[in-house]
1. Based on the mean of other Cβ atoms within 10 Å per residue, sort peptides 25-31, 37-43 so the most packed one is first.
2. Just the accessible area for Arg7, please: 1.4 Å probe, Å², rounded to the nearest 10?
Amino acid sequence: MVDFIYRKSSYSDHEDECVEVATNLPRTVAVRDSKDPDGPILQLTPAAWTAFQLAVSQDGLEATP
């Protein structure tokens, strides 16, 4: 079993929007909802995570209806 060590996003509030990220393994970045720690985990490559962070920081994501 993989032991991810999660940290909460500094942009998450303490009630509704809680995202946790684990970067302690060299080839995997894990993302989960802190309100549901036993729920699903999104696992990304570090390159995909970096691309996502860049897109978010540049407001490059568009909402779909």
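1. 25-31, 37-43
2. For Arg7, solvent-accessible area is about 130 Å².
The values are calculated or read from the model by the stated rules, or taken from the named source; none is laboratory data. If you're wondering where the values come from, they're calculated on a predicted model, not measured in any experiment. Positions of Cβ are generated from backbone atoms using ideal geometry, with glycine treated the same way; all protein chains shown enter the neighbour counts. Areas reflect the complete protein model, heavy atoms only, side chains present, ligands, DNA and RNA absent. Shrake-Rupley method; radii C 1.70, N 1.55, O 1.52, S 1.80 Å.
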